[in-house]
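The values are calculated or read from the model by the stated rules, or taken from the named source; none is laboratory data. Since this is a predicted model, take the numbers as computed values, not measurements. Here the Cβ is made from the backbone with ideal geometry for all residues, glycine too, and neighbour counts use every protein chain on show. Surface accessibility is based on the protein's heavy atoms, side chains included, excluding ligands, DNA and RNA. Shrake-Rupley method; radii C 1.70, N 1.55, O 1.52, S 1.80 Å.
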Amino acid sequence: MAEIVNTILQNEKLVTLIFSGVVALSTVVYAFLTWRLSTETIKMRKAHTEPNVSIYLEQNRASIHFFDLIVKNIGSGPAYDVVFKVLEEFEIPKERKLSQIDFIQEGIRYMPPNYLIRCYFLTFLGNYEKIIDKNIKIQVTYKNANKENLSEVINLNMSQFKGIQTLGEDPLNKIAKSIESIQKDVGNIASGYKHLRVDTYDSGDREKIKAEYEKQ
């Protein structure tokens, strides 16, 4: 033990230098980890407040042959001054172009989180071979809450719907049709157009049944 102490005392400067180096290295490592943590925190906070305007096609619930164009803010923050620019599209006979849709032409001033616009766009009926392998390219530009510009080019590829088949009918459509039928029947009865078929049961019927029961 005494020898160790003597060795340390003899090499005091070297020990001090090594200790200082360890402290300095620890400080650098701590500063780096703090910077990384701060950077990740900023990224996470930004991700939770950043808008993300998405554009996609979805099959209409009424029929798999019809498609709706959907624009939705799937981000966690509001989007401002949303502008659309169609870079590439295809013409469909008797169908309007993407660039002719009103909100595509005019843009959208404000889209809060989960805000969605849906409109009918096109149909496969009579156009399948013409559009199944076609692409639509559209650029969407908007601002976040800090007025920073964000931009993305989105490709709408129709081939993703190739070969898709469904069984039966959408349950929501069945429910809607049933409610419509019930509403129609009730309306006919209320207006007198149709009459209810009613079987009456009065006191005479009760006396008759009672007499037959006593007789038995």
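Highest mean first, what order results for 131-143, 52-64, 21-33 on Cβ atoms within 10 Å? It would help to have the intermediate numbers written out before the result.
Values: 131-143: 17.5, 52-64: 15.6, 21-33: 10.0.
Going by the mean number of other Cβ atoms within 10 Å, highest first, we get 131-143, 52-64, 21-33.
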#### Entry: Accessible surface of residue 148 - all protein chains present, 1.4 Å probe, nearest 10 Å²
80 Å²
### Message
Given points 7 Å out from each Cα along the Cα-Cβ axis, report the residue 180 to residue 60 separation in nanometres with one decimal.
### Response
1.3 nm
### Query
Between residue 81 and residue 33, what is the FRET efficiency for a Förster distance of 30 Å, r being their Cβ-Cβ separation, to the nearest 0.05?
0.15
## Note on the structure
Two pseudo-spin positions, 7 Å from Cα along C-beta at residue 130 and at residue 49, lie apart in nanometres by 4.9 nm
### Message
As a test question: what accessible area, to the nearest 10 Å², does residue 76 have when a 1.4 Å probe is rolled over all protein chains in place?
### Response
70 Å²
### For residue 66, solvent-accessible area (1.4 Å; no DNA, RNA or ligand), Å²
70 Å²
### Message
Under the 0.36 nm per residue contour assumption, what length would be gained going from the current alpha-carbon distance of residue 88 and residue 212 to full extension?
### Response
36.0 nm
## Note on the structure
Placing each pseudo-label 7 Å from Cα in the direction of the beta carbon, residue 157 and residue 205 end up separated by a distance in nanometres of 7.0 nm
### Query
Using 1/(1 + (r/R0)^6) with R0 = 35 angstrom and r between the beta carbons of residue 22 and residue 146, what's the FRET efficiency to the nearest 0.05?
0.25
